[in-house]
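I have placed the structure first, in the form of C-alpha cells, so that the comments after it can refer back to it.
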Amino acid sequence: MLEKPIAITPGEPAGVGTEITVKAWNDKSCPPFFLIDDAERVANRAKEANLEVPIKIISSPEQSLECFIDALPILPHKFPVHCKSGKPEELNAPAVIEAIEIAVSFAKTGLVSALVTNPIQKEILTKEKFQYPGHTEFLAALCGTEVEPVMLLASDELLVVPVTIHEPLANVPKILNENLLQRTILITNTALKTDFSIERPRLCVSGLNPHAGENGTIGLEEEQIIKPAIESLKNRGLRINGPVSADSMFTEDARKRYDIAICMYHDQALIPIKTLDFWNSVNVTIGLPIVRTSPDHGTALNIAGSGDADANSMITAIKLAHRIYQNRLASSGFG
C-alpha cells in the first residue's frame, strides 16, 4: 500500500504554529507531511524566528511525498491580511477555518493518512460566529458522523479522557449523566483497541467529588451516576475499575494498574498529564472516521516569532497520527 502524507493545518497565523511545524520538518524524524499555508508567509515567519527551511510549493497532497526529504511541502492557502507575530487579526478567521475544512476533506477522501492541527485562537474565531467550543466539536460536524467525538490526551506517561470538556466547572454536575459516561467509555475502549493496539484495555474511572464521594457523604454523583455506569459496563465485558479518588489515581504505582484514566472534567484529566509530560502530550480526537492529533498547548502568542517555541508536542503529534493510522489499517486487516 502506497504511503500517504499527513496534512497539517496552520492554526492561528499569529501564533507559534509555523515555527513548530518548521522545527518538526527540520527534526527529520517525522513521517512525510505538508502544511496548508501561504509559502511567503511561512518563509517570512521562519526568518523572523531564525529558522532555516527550504520550501516546495505543491498542488496536491501526494506531491509532498516526492519532495519532503529535501523541502517543507506547502499547499498554498492565503490569509486575507498580514498579521504580526503575537497579534491575531479577526479578518483571518475564515481562512483559519477553511484550512481545517480542506484538511478534513483530504482525510475523508483518503488523500492523506491523517491531519495534525496547529493551535487556534478561539476568541478570534468566535468573533466570526464560529459555533464550536474547539477543534474536537468542529471536526465531528465536518465528518458528519453520528458518533460523538471524545478528547483523549496521550503521552508516554499517561493516557486520559475527560468526560466533559470545555465546560464551566459549575455546569459539570448538570451535564454528567450515566448515558454520557457510558458512551464516552465505550468509544474510548474501542479506540484503545483500534488506535493504540491495546487488545484488552484496562480503564480506571475517577470520581467527581473529593474522595470519590465517600459513599454519598460528599456528593451523590458517584452513587447515582458513576457506579451504575461502571457496573453496567463490567457486565458488558469491559475491564473497568472505579470510581477512584482523583487525588490518588495518578501516582506512579496507581498508573501501572490501568491503561487509561477516565476523568469527569477538563482539569481533572489535563492537570496530571501536563504535569507529568507537558512537552510531549498530544491531543487526539477519537470516535471519528479520520485520524486527528494536535499539540497539547495553545497558540503561545507571547513567544510567537521568537524561535523559542518547543516543537516536541508537534513532533509527537505527527508521529502519533502516523502510528494511529497504521494501527487502524492493521486492525481492519489492511496493514
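The values are calculated or read from the model by the stated rules, or taken from the named source; none is laboratory data. Quick caveat: nothing in here was measured; it's all calculated off a predicted structure. As a convention, Cβ positions derive from the backbone with ideal geometry for all residues, glycine included, and neighbour counts pool all protein chains shown. For accessibility, only protein heavy atoms count, side chains too; no ligands or nucleic acids. Shrake-Rupley method; radii C 1.70, N 1.55, O 1.52, S 1.80 Å.
To two decimal places, what compactness ratio does the range 35-101 give when its Cα radius of gyration is scaled by 2.2 N^0.38 Å?
Details: Rg = 12.7 Å, N = 67, 2.2 N^0.38 = 10.9 Å.
So the Cα radius of gyration is 1.17 times the expected 2.2 N^0.38 Å.
Which aspartates and glutamates, if any, have their Cα less than 18 Å from the Cα of K4, not counting same-chain residues under 8 positions apart?
Qualifying aspartates and glutamates at Cα under 18 Å: E62, E66, D70, D195.
What is the P(r) of the range 138-195, as percent of Cα-Cα pairs per 10 Å bin from 0?
Per 10 Å bin, starting at zero, the Cα-Cα P(r) for the range 138-195 comes out as 19, 49, 30, 2 percent.
Which one, L51, L270, L115, has the greatest fluctuation when you compute a Gaussian network model over the chain with C-alpha springs under 10 angstrom?
L51
What is the set of long-range amide H partners of V244 at a cut-off below 5 Å, with H atoms built 1.01 Å from backbone N?
V205, S206, G207
Run the numbers for I69 and N44: contour at 0.36 nm per residue of separation, minus the present Cα-Cα distance, in nm.
Numbers: separation 25, 0.36 × 25 = 9.00 nm, distance 2.12 nm.
So the extension gain works out to 6.9 nm.
Compute the whole-percent fraction of alpha carbon pairs in the range 1-66 spaced more than 13 Å apart.
When every Cα pair of the range 1-66 is considered, 63 percent fall beyond 13 Å.
Quick check on the chain: of the DSSP beta bridges with both residues there, what percent are antiparallel, nearest 5%?
30
Can you give me the long-range amide H partners of I58? Hydrogens built in the peptide plane at 1.01 Å from N, cutoff under 5 Å, separation of 5 or more residues or another chain.
Residues meeting the criterion, in which the H sits 1.01 Å from N, are I74, L75.
Note the full-extension length gain between S248 and H82 as 0.36 nm times their separation in residues minus their Cα-Cα distance, in nm to one decimal. Numbers along the way, then the final one.
Values: separation 166, 0.36 × 166 = 59.76 nm, distance 4.86 nm.
Additional length available on full extension: 54.9 nm.
Please compute the Cα-Cα pair-distance distribution of the range 158-282 with 5 Å bins starting at 0, giving whole percents from short to long.
2, 11, 22, 25, 22, 12, 4, 1
Take W279, W25 and sort them by solvent-accessible surface of the protein heavy atoms, 1.4 Å probe, largest at the top.
W279, W25
How big, on average over all directions, is the shadow cast by the Cα convex hull of the chain, in nm²?
16.7
Take the Cα pairs of the range 19-150, get the Kirkwood Rh, then feed it into Stokes-Einstein at 37 °C and 0.692 mPa s and tell me D in µm²/s.
Values: Rh = 15.9 Å.
D, rounded to a whole number, is 207 µm²/s.
Taking only the Cα atoms of the range 232-335, how large is their convex hull per residue, in Å³?
Enclosed volume per residue, from the Cα hull, is 156 Å³.
Can you compute 3J(HN,Hα) from phi for each residue in the range 290-299, using the Karplus curve 6.51 cos²θ - 1.76 cosθ + 1.60 with θ = phi - 60°, rounded to whole Hz and x for Gly and Pro?
Couplings: 10, 9, 9, 10, 7, x, 8, 8, x, 6 Hz.
Could you tell me the distance between the Cα centroids of the range 193-254 and the range 41-103, to the nearest Å?
43
Please state, to two decimals, what the Cα-based radius of gyration of the range 78-224 comes to when divided by 2.2 N^0.38 Å (N = residues).
Details: Rg = 18.8 Å, N = 147, 2.2 N^0.38 = 14.7 Å.
Against the empirical 2.2 N^0.38 Å value, I get 1.28 for the range 78-224.
If you take the square roots of the eigenvalues of the alpha-carbon gyration tensor of the range 216-271 and sort them as a ≥ b ≥ c, do you get rounded (a/c under 1.5), prolate (a/b over b/c) or oblate?
oblate
In nm, to one decimal, how far is the N171 label point from the D308 one, both placed 7 Å along Cα→Cβ?
Once both label points are built, they end up 3.4 nm from each other.
At what distance in nm do the modelled label points of K28 and S59 sit from each other, each positioned 7 Å from its Cα along Cα→Cβ?
3.2
Please compare each pair in K28/K193; K227/K274; K174/K227; K108/K319 to a cut-off of 23 Å on the Cα-Cα distance and tell me which ones are over it.
From the list (K28/K193; K227/K274; K174/K227; K108/K319), the Cα-Cα distance tops 23 Å for K28/K193; K227/K274.
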